1. Which one is surrounded by the fewest Cβ atoms within 10 Å (Cβ to Cβ) among residues in region 76-94 that are charged (D, E, K, R) and on the phi < 0 side of the Ramachandran plot?
2. If you go through region 151-184, how many residues are part of a loop (DSSP other than H, G, I, E, B) and within 28 Å of E64 (Cβ to Cβ)?
3. Cβ-Cβ under 7 Å, sequence separation 6+ or interchain: first residue in region 113-133 and in the same structural domain as I171 (by TED's automatic domain parsing), partner surrounded by fewer than 11 Cβ atoms within 10 Å (Cβ to Cβ) and at pLDDT 85 or above. Which pairs?
Amino acid sequence: MTTNEKIIPLVFLIVGLGGGFVLGVSLETLNVEKPSASKDLAGYRESLKARAASMGILPPQMIEVKQLLGSIKSINDQTVTVALQYPRDLFGDPMLDERSVIVDSNTKIMLLTQKDSAVFKKEMDEFQSRMNAQKPEAVFSATPSELADRAAPELFDKKVADISALEAGQIISITAAENVKDQKSFVAATIEISSMAPTPSPVTP
């Protein structure tokens with residue numbers, strides 16, 4: 001499993017817990033007046049954000065976003081509409097909770113398939129044996145191929161795919177070449193399909 005694959009679920013859990021806690025605080029507790037039709041929504045969010053910050057419950061803000069996680073809502077030609085799961089800014093523009101991800105000729109799409117548990121266990125056992133046999137001083141003189149051999153086995157097999165492998169309902173991890181924190185639409189550098197759309201339940205006659 002790569003470092004990113006390990007970090008994303010953990011960060012998502014932390015952000016989710018923090019967001020749930022903040023959402024649990026009522027507007028009355030924050031003492032922020034609810035917006036009327038004539039009031040500016042952006043100004044209301046800033047007031048709510050300032051009040052939450054003064055109470056010490058404001059979650060950390062991200063400066064740069066190049067990796068996103070979400071579920072596919074629809075696919076139209078080369079544009080994939082994604083409902084974000086991570087990252088989401090509680091006090092940010094709600095329009096950015098949904099992104100338009102463009103797939104071009106340079107976008108790499110990978111299909112992740114979880115390995116059989118017995119296969120993965122065997123790889124982990126072999127990896128642990130190699131690590132136990134290594135001498136500490138050998139780390140500083142290792143060649144690139146030797147360093148690659150020391151990488152822990154990944155839980156998923158990766159297979160090169162194309163846009164035809166994308167379906168509504170799939171969970172995908174997206175990376176971008178630039179900061180897309182405030183971009184509604186952007187070109188994906190890579191897309192990893194981490195789960196397939198759920199299989200419809202059989203219809204009982």
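The values are calculated or read from the model by the stated rules, or taken from the named source; none is laboratory data. What you see is a predicted model, and the numbers here were worked out from it, not measured in a lab. Neighbour counts run over all protein chains shown; Cβ positions are idealised from the backbone, glycine included.
1. D93
2. Residues in region 151-184 being part of a loop (DSSP other than H, G, I, E, B) and within 28 Å of E64 (Cβ to Cβ): 15 in total.
3. Once the first residue is in the same structural domain as I171 (by TED's automatic domain parsing) and sits in region 113-133, no partner that is surrounded by fewer than 11 Cβ atoms within 10 Å (Cβ to Cβ) and at pLDDT 85 or above comes close enough.
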